[in-house]
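Report on one structure; see the data block that follows.
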Amino acid sequence: MLASCLPAFAGVTDQMISNDAASTDDVVTVGMSQGGQRYSPLNKINTSTVADLVPVWTFSFGDEKQRGQETQPLIYNGKVFVTGSYSRIWALDAKTGERLWAYQHRLPDGIMPCCDVVNRGAALYDNLVIFSTLDAHLVALNQDTGKVVWNETLGDYKAGYSNTAAPLIVDGKVITGVSGGEFGIVGRVDARDARTGKLVWTRPTVEGHMGYLNGQENGITGKLNASWPGDMWKFGGAATWLGCTYGADVRLIYCGTGNPAPWNSHLRPGDNLYSSSTLAITPDTGKIAWSYQTTPHDGWDFDGVNEFIPFDMKKDGKTVKAGAKADRNGFFYVLDRGNGKFISASPFVTRQTWTKGVDAKTGRPIEADTRPGDPAQAERGKQVFSAPSFLGGKNWMPMAYNQNTGLFYVPANEWGMDIWNEPIAYKKGAAYLGAGFTIHPLYDDYIGALRAMDPATGKIVWEYKNPAPLWGGVMTTAGDLVFTGTPEGYFKAFDAKTGKELWKFQTGSGVVGQPVTWEQDGEQYVAVASGWGGAVPLWGGEVAKKVKDISQGGMLWVFKLHRAAAP
Ligand SMILES: [Ca+2]
Ligand SMILES: [Ca+2]
């Protein structure tokens, strides 16, 4: 067929999504690939040139609406698609930053996002840009006009459902999870036809709930009452609030699940499957292929939602088809991505009080005696100190994997909590915790630590310590660079091999967004959103006091090398 017969841009295809990591002139997935490695082969910006990185344009999210900007921009067809707080999205001219269109989702009163009004990015498919909203909708807009093409409901916001994660596209299906584990919702993974929004399958993440495929019953999840007592599974949590990644070679979708509900674990003796786990789900049928529970019978709100990233691990002269996850509970896990077999668990923060370690044979943690006490006989059970805190050794902010160095770059935090349990009963639309807590820093001089982990040895190769907690995503490149932001407002670049800080830029507000890079007209660009917020100011206890003076914001920053610096 003659090239002239084809429109210049026919829309985003499955092929383009599969190839996102290698195609450097666009970024069509959150995570910069379906697997979420956040690695770019671009190297014009590198350890020698990064000092000359300067802003090209900025875009203000505007209005009176600021708060946390945890988004990742997408770049396609000369446009930047970026989401913002309060379920907003914009299309911008990639060359100039000029606004092409804006869409602001009409949010009802009474939405219940637990952890700030954030959004973590959109998905592109065909001529659509698809994102989820704080009232638990999934909205698809025309990429050229910003007009709504379809709008589906993910859950009842009055029961505590919301959604902030970026959707994942697999084989023409849009894959989403749900938020709301603090309100006793039931976690779920859905697959919809990306063009129409029509539900293909749904898979609940709490045992006893029925799955569906094309409107037909498709088997219950797990085995009723095998790991949950009585009716507790009916409001069992296990929210899939960070969405999913995909291992194309083994054709499995990986979704992390959050805490079992309520937090008071004495009300639900048992492992409480499939909470605080990684689930591998088949994209065609929505069946669970394997699962691995990082925190059985979670009593600390460790969740297990953190992203599971497929990578090829070189170990003992062999290549292992592995996947890695830095869990809120403080361990960096490596599993076989095909069958879920446990390979290793290594601490990536300094303290894990809840366990004596992970059994190397079974992969099951050995519980230490630090579970908050049973309040059955008293108003308040015994208070304990636990590290990590429930905000996690790592929270939502995604790590990155560099294919050259073979290292993962993990945005970690060092903090603990006083935690106690209280009586609680489920009530629709009310917090369902049965716990109280105060978060404390572990050290005087830092909370955040960007750590380079060698997945083959479980060793920390280098670390960068930051006074405030790290809350932004990480990106790494073939230019031997690691990019991330700080609540203090800096966007920074580090040497991927040594951790040496090579460049920083003050963005005017805390950086909790996810950086990306792409090539345009022969030059390499880098972008990140700035705007302080997220869970720390809301839930951070003693830590929140430390960061209370940071200005809010809402700005997309775009950088490239200063031309005058060229030879
Ligand atoms: Ca690409
Ligand atoms: Ca939780």
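Structure notes:
- Of all the residues in the stretch 165-186, those that are open to solvent by 10 Å² or more (accessible area, probe 1.4 Å), within 16 Å of ligand 2 (Cβ to nearest atom) and more than 17 Å from Y274 (Cβ to Cβ) number 2.
- Residues (outside any loop (DSSP other than H, G, I, E, B) and either open to solvent by 10 Å² or more (accessible area, probe 1.4 Å) or within 16 Å of ligand 1 (Cβ to nearest atom) (or both)) located in the stretch 265-275: H266, L267
- When restricted to residues that are touching a Pro at 6+ places or on another chain (Cβ under 9 Å), open to solvent by 70 Å² or more (accessible area, probe 1.4 Å) and either in contact (Cβ under 8 Å) with a residue 40 or more places away in the chain or closer than 22 Å to S291 by Cα (or both), the stretch 331-375 contains 3.
- The test for being among the acidic types (D, E), within 13 Å of ligand 1 (Cβ to nearest atom) and open to solvent by less than 20 Å² (accessible area, probe 1.4 Å) holds for D20.
- Matching residues, the stretch 425-474, being open to solvent by less than 10 Å² (accessible area, probe 1.4 Å), closer than 30 Å to G323 by Cα and assigned to a strand (DSSP E or B): G448, A449, L450, R451, A452, M453, N466
- Unique match (being closer than 30 Å to K500 by Cα and at pLDDT 95 or above) among V80, V54: V54
- Of all residues in the stretch 295-330, those that are part of a loop (DSSP other than H, G, I, E, B) and either in contact (Cβ under 8 Å) with a residue 40 or more places away in the chain or open to solvent by 10 Å² or more (accessible area, probe 1.4 Å) (or both) total 18.
- Number of residues in the stretch 276-294 that are in a loop (DSSP other than H, G, I, E, B) and away from ligand 2 (no atom under 16 Å from the Cβ): the value is 6.
- Residue count for the stretch 340-398, restricted to those that are among the hydrophobic types (A, V, I, L, M, F, W, C) and farther than 29 Å from V320 by Cα: 9
- Scanning the stretch 295-306 for residues that are under 20 Å from the mean Cα position of the chain (by Cα) and either under 12 Å from D271 (Cα atoms) or within 11 Å of ligand 2 (Cβ to nearest atom) (or both) returns T295, D298, W300, D301, F302, D303, G304, V305.
- Test: residue in the stretch 402-422 that is assigned to a loop (DSSP other than H, G, I, E, B), out of contact with any helix residue (DSSP H, G or I) (no Cβ under 6 Å at 6 or more places or on another chain), of a type in the set (G, A, S) and open to solvent by 40 Å² or more (accessible area, probe 1.4 Å): no
- Test result for Y254, in contact (Cβ under 8 Å) with a residue 60 or more places away in the chain, surrounded by 24 or more Cβ atoms within 10 Å (Cβ to Cβ) and within 16 Å of ligand 1 (Cβ to nearest atom): no
- Where strands (runs of 3 or more DSSP E) fall wholly inside the stretch 214-264, the ranges with 3 or more residues that are more than 17 Å from V178 (Cα to Cα) are 216-220.
- Considering (1) part of a loop (DSSP other than H, G, I, E, B); (2) farther than 14 Å from W420 by Cα, the lone condition that K356 does not fulfil carries the number (1).
- In summary, strands (runs of 3 or more DSSP E) completely within the stretch 51-152 and bearing 2 or more residues that are touching a residue at least 60 places away in the same chain (Cβ under 8 Å), more than 24 Å from the chain's Cα centre (by Cα) and surrounded by fewer than 21 Cβ atoms within 10 Å (Cβ to Cβ) occur at 53-60.
- A single member of L273, L252 is touching a Gly at 6+ places or on another chain (Cβ under 7 Å), away from ligand 2 (no atom under 15 Å from the Cβ), more than 20 Å from A376 (Cα to Cα) and not small (G, A, S), and it is L273.
- Answer residue from the stretch 189-206, given it is surrounded by fewer than 24 Cβ atoms within 10 Å (Cβ to Cβ) and of a type in the set (V, I, T) and is farthest from S277 (Cα to Cα) among those: T196
- One residue stands out in the stretch 209-242 among those that are within 16 Å of ligand 2 (Cβ to nearest atom) and aromatic (F, W, Y): the one that is least open to solvent (accessible area, probe 1.4 Å), namely W241.
The values are calculated or read from the model by the stated rules, or taken from the named source; none is laboratory data. Keep in mind the model is a prediction, meaning the values are calculated, not measured. Note: ideal-geometry Cβ built from the backbone for every residue, glycine included; neighbour counts use all protein chains shown. Ligands, DNA and RNA are stripped out before the accessible areas are found, and what is left, the full protein with its side chains, is counted by its heavy atoms. Shrake-Rupley method; radii C 1.70, N 1.55, O 1.52, S 1.80 Å.
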